[in-house]
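First the structure, in the form of structure tokens, and then the observations on it.
Nothing in this text is a laboratory measurement; each read-out follows from the coordinates by a stated rule. It should be emphasised that the depicted structure is a prediction, and the values quoted were computed from it without experimental measurement. Cβ coordinates were reconstructed from backbone atoms using ideal geometry, including for glycine residues, and neighbour counts include every protein chain displayed.
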Amino acid sequence: MHLVIQGARLADDDLRQLAHLADAQRIERLAPGACRLIGAQQRPGIAEYCARASLDFGFVPENRKLAGMGLLAIDMDSTLITIECIDELADMAGVKTEVSAITAAAMRGEIDYAESLQRRIGLLHGLDAAALARVYDERLRLSPGAETMLAEMQRAGVKTLLVSGGFSFFTERLTARLGLDYSISNVLEIKGGRLTGRAVGGIVDAEAKAAKLRSLRNELGIARERTIAIGDGANDLAMMAEAGVSVAYRAKPLARGKADYALDYVGLDGVLNLFAGN
């Protein structure tokens, strides 16, 4: 196994101490903020040390290569992008406090996602549809490292799927902008230029995300172990469980505890370092 260490600040002393803790054979620099400890052992104290030093870590099989992966599924809100689009729409509707509280409870797994989404969409009733474009143009930002990660995935031949419990207005634009292959999301109903407070069709919840990953994986003939899923909340857990490699990005504790890897301090490009030799 290799031990990948990443952080905004990666001190030589931290690397030496971690190499000693893991009884690693040598240290290999991957990037300014990332190193790989070759031949590392999974021993007590490593997780605790990294937590104190604000470092992300992950034990990676030495034969895992990015070129061997076939499909990446990534959540949108608070994962691919830095915001929750529905919270920003709610801000424009004057109901952000109420909607944000429901969003947070849903991401912690305290409320059924479908129920929470219906309640939140209902609070947007009457909002001018122009608010969707305002959120996209004025507030939506990609997470750090997102474009680098996606470009490398695509260069390696990995198919990309944007899976969102958010809205098609945003996923469609991001899919075109980033050259993604597939997407699934909810469709807001608009009548007379205003949101009706309802969604069209079924709700994309946790199971719908997982089902889309399964069906696409089967359609493309890609084995489970050759899939990657990245998410941040409770409604991503079923999807992440369907993947060979799961990554929790700036995630809620529930998702962080279930994922193979957690990235709390580096950008999405840190995902690339989890594949030996890329």
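The rule of thumb for compact globular proteins, 2.2 N^0.38 Å, goes into the C-alpha radius of gyration of the range 1-62 0.94 times. Here r is the Cβ-Cβ distance between Asn63 and Ile203 and R0 is 41 Å; the resulting FRET efficiency, rounded to 0.05, is 0.55. Extension gain for the segment Glu98 to Arg29, taken as residue separation times 0.36 nm less the Cα-Cα distance, is 20.2 nm to one decimal. For Lys258, go through the lysines and keep the ones whose alpha-carbon is under 26 Å away, minus same-chain ones fewer than eight residues off. Partners within reach: Lys65, Lys159, Lys209, Lys212.
Each label point was placed 7 Å from the Cα along the Cα-to-Cβ direction; for Asp13 and Arg194 their separation is 6.2 nm. For a modelled paramagnetic label at Glu115, 7 Å from Cα along Cα-to-Cβ, the residues of the range 142-168 in reach, with backbone nitrogen under 20 Å, are 165-166. Comparing Cα centroids, the range 175-202 and the range 59-107 end up 16 angstrom apart. Straight-line reach from Lys191: taking Cα to Cα under 27 Å and skipping same-chain neighbours fewer than 8 places apart, the lysines in range are Lys96. The dipole here belongs to the range 1-62: it is taken about the Cα centre, uses +1 on the Cβ of Lys and Arg and -1 on the Cβ of Asp and Glu, and is about 40 debye. Of all DSSP-defined beta bridges confined to the chain, some 50% are antiparallel rather than parallel.
In this Cβ point-charge picture (+1 for Lys and Arg, -1 for Asp and Glu), the chain has a dipole of about 380 debye about its Cα centre. Qualifying trypsin sites (Lys or Arg not before Pro) in the range 1-85, where qualification requires a DSSP coil assignment and no more than 13 other C-beta atoms within 10 Å, comprise Arg9, Lys65.
Among the trypsin sites (Lys or Arg not before Pro) in the range 114-156, those placed in a DSSP loop whose Cβ has at most 15 other Cβ atoms within 10 Å are Arg141. Compactness check for the range 107-195: Cα Rg over 2.2 N^0.38 Å is 1.26.
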